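Scroll down for the structure; my scribbles are underneath it.
Derivation of every value follows stated rules applied to the coordinates shown; laboratory data play no part. These numbers were taken from a predicted model, which means no experiment stands behind them. Note: ideal-geometry Cβ built from the backbone for every residue, glycine included; neighbour counts use all protein chains shown.
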């Protein structure tokens, strides 16, 4: 009984290191250069714009840095995100086309980081949305932003871009 109790304590004490290693492996698997296509809404209820995007992702054992650019119609817009991992919890900032930093916080479940976004200003009637960073196999990545239509209460994907590793 004493041996199994000691083994259980050792296992519990060792879990933070295991979690950190799992997050480091996940973050490092996203690092690299990506290109993709997708759709962005100009606003909820507005026009859909087809976009082509490039994305550079850097990582450390506990952070992710994304710098991207999307082109659609005659417009080109940059975006970036800096996210830190602490165990399976994530927090950081996102800078979109407005140029203003917005707050990100959330966690990873499986191959997807689910983030709550607090916009720097009112967007689509409020300051809240969600963002996902989803790994699609070894060479795929999807970035998606979901906002709520304040008129109907429905969730609407305001951007969805699928990337492949270059």
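Could you tell me the center-to-center distance, by alpha carbons, between the stretch 26-86 and the stretch 94-131 in angstrom? Cα centres, the stretch 26-86 to the stretch 94-131: 13 Å. Per-residue Cβ neighbour counts within 10 Å put 43, 84 in the sequence 43, 84, beginning with the fewest.
Note on 90, 26: ascending count of other Cβ atoms within 10 Å places them as 26, 90, the fewest first. Multiplying the residue separation of residue 160 and residue 54 by 0.36 nm and subtracting their alpha-carbon distance yields 36.8 nm.
Springs join every pair of Cα atoms under 10 Å in this Gaussian network model of the chain, and among 113, 75, 39 the largest mean-square fluctuation is at 75. Which residue, 40, 156, 83, has the most motion in a Gaussian network model of the chain that connects Cα atoms within less than 10 Å? Sorting by GNM fluctuation, first place goes to 156.
For the chain, the relative contact order works out to 18 percent when only alpha carbon pairs closer than 8 Å and six or more residues apart are counted. Once the chain from residue 95 to residue 126 is taken as fully extended at 0.36 nm per residue, the excess over their C-alpha distance is 9.5 nm. Note on 142, 71: ascending count of other Cβ atoms within 10 Å places them as 71, 142, the fewest first.
Subtracting the Cα-Cα distance of residue 138 and residue 105 from their residue separation scaled by 0.36 nm leaves 9.4 nm.
Among the listed values (1) 31, 23, 15; (2) 34, 19, 13; (3) 53, 17, 12, the one computed from these coordinates for semi-axes √(5λ) of the Cα gyration tensor in Å is (2).
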